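These notes are about the structure you will find just below.
The values are calculated or read from the model by the stated rules, or taken from the named source; none is laboratory data. In this text the structure is predicted, and so the values were computed from the model without any measurement. Note: ideal-geometry Cβ built from the backbone for every residue, glycine included; neighbour counts use all protein chains shown.
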């Protein structure tokens, strides 16, 4: 009659592996939450809930895209000048990094589904470091020079501005070089760049920074989720029967990828 | 009854063989994932290549491609990539369709958001004429004491006119290989008719920033050698006939 689990199916909720004799891995001992009929419902409900959350995330970024579209229609010169100030090569590198990390994330889930534990953890590590690479490239080759005029000495773009380097302002033993007149590309009233052709450049930089910083903060959150998944995977929490958290983390990570798939051409390619 | 439930309940105790189908946990094989990654990388190169190709075509044939080619091309490719990621990496293709419906509904909401916000874009000056004008950030909003002007003046005072021009000549002709990989003229704003203010029929409300579109001829990478004395409020206005 009842479709709810009976006593014989074990006490629902959490890990039930109290008995020392139970040598099964943690994922095999996992019991679904007591408010679910079965683990299938739990998995589906978790995913459905997370898709609802993702829809709110999409709407959050829709605000940025809306600002982009309207200001672009109003100030096309500022948008052309702005996208010219961004290096498409840096954007392409970051796009490839994120796409590959999306693949490794999906592959990690496949490995958990087929109980390839070690490879699954390795994929999570690769995904994590791909996210870190994205952030470092973003910060080191884009935010830092554009905001302040300080370049890493190994930045290829630096070679174009050698005439403007101020050696006295170099930091960290020459690792960071200062280029006079390059920085100050900042949003709103922080704007401090003397050579803007369009007077609306502060608006472009405001849209650029809001879009990419909100996106980068999502990368950070995704990396934290991946780190947690890796940590728990080491203890055997995830396997063919139970990997909901990894699946959810994967969905979040792919959303980060999706947003970048649109941000990249809008900011870097369309002129 | 409870036996049939148990077959669902003992989720974890299956062998590694049959969990793929019995619980809706679809296993997407690595070969599929790899193919999708390959397609995504291909489309990334394509979208970058198309943008570069447009710049090259415009430079080489000295023609103006309409801006929508650029936008529509990039957005179509981005949408294809987006669908690939959602269908395979996010497994919408194999999932309960309700998740797809959620996403489609969200996209509808985004479209509504965009449409309703842009509805009055061309008619903002119907009631108050100044709503149709450009807003320039900073100062009184009309260009005096704007953030851009203040920054320019600050560094002119700091460096002096000569050093200002010297620094500018290094910074501003950086477009070779930077930005779009093209040179100064490689954007539609400088090559084509420059639109100021609201696009569309509102050319009357452009105000002080309008200028004759006919003067926006082609100019090329040579012009960084010339002293640049143009006022900053006329962004891309350069004399025609560099060629």
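Numbers at a glance
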| quantity | calculated |
| --- | --- |
| Filter result for the condition that a residue is surrounded by 20 or more Cβ atoms within 10 Å (Cβ to Cβ) and modelled with pLDDT of 90 or more, over A:222, A:181, A:241 | A:222 |
| Members of segment B:87-126 that are facing another protein chain (nearest Cβ under 7 Å), under 30 Å from residue A:108 (Cα atoms) and in a helix (DSSP H, G or I) | B:89, B:98, B:99, B:102, B:103, B:106 |
| Evaluation of residue A:177 against (1) facing chain B (nearest Cβ under 10 Å); (2) touching a strand residue (DSSP E or B) at 6+ places or on another chain (Cβ under 8 Å) (one fails), failing number | (1) |
| Test: residue in segment A:184-192 that is at positive phi, in a loop (DSSP other than H, G, I, E, B) and buried (at least 20 other Cβ atoms within 10 Å of the Cβ) | yes |
| Residue satisfying condition, being surrounded by fewer than 18 Cβ atoms within 10 Å (Cβ to Cβ) and in contact with a helix residue (DSSP H, G or I) (Cβ under 6 Å, 6 or more places away or on another chain), within set A:67, A:28, A:78 | A:67 |
| Condition check for residue A:56: within 12 Å of chain B (Cβ to nearest Cβ) and within 30 Å of residue B:124 (Cα to Cα) | yes |
| Lone unmet requirement of (1) facing another protein chain (nearest Cβ under 10 Å); (2) surrounded by fewer than 24 Cβ atoms within 10 Å (Cβ to Cβ) for residue A:214 | (1) |
| Search result, residues across segment B:81-94 that are over 27 Å from the mean Cα position of the chain (by Cα) and touching a residue at least 24 places away in the same chain (Cβ under 8 Å) | B:91, B:94 |
| Evaluation of residue A:86 against (1) outside the structural domain of residue A:171 (by TED's automatic domain parsing); (2) part of a helix (DSSP H, G or I) (one fails), failing number | (2) |
| Residue that is at the interface with chain B (Cβ under 9 Å from one of its Cβ atoms) and in contact (Cβ under 8 Å) with a residue 24 or more places away in the chain, where the choices are A:252, A:238, A:268 | A:268 |
| Test: residue in segment A:105-125 that is in a loop (DSSP other than H, G, I, E, B), in contact with a helix residue (DSSP H, G or I) (Cβ under 8 Å, 6 or more places away or on another chain) and crowded, with 23+ Cβ neighbours inside 10 Å | no |
| Some residue of segment A:72-81 being part of a helix (DSSP H, G or I) and more than 10 Å from every other protein chain (Cβ to nearest Cβ) | no |
| Any hit, segment B:55-69, residues being within 17 Å of residue A:54 (Cα to Cα) and in the same structural domain as residue B:39 (by TED's automatic domain parsing) | no |
| Residue within segment B:146-161 that is facing another protein chain (nearest Cβ under 7 Å), surrounded by 13 or more Cβ atoms within 10 Å (Cβ to Cβ) and not in a helix (DSSP H, G or I) present | yes |
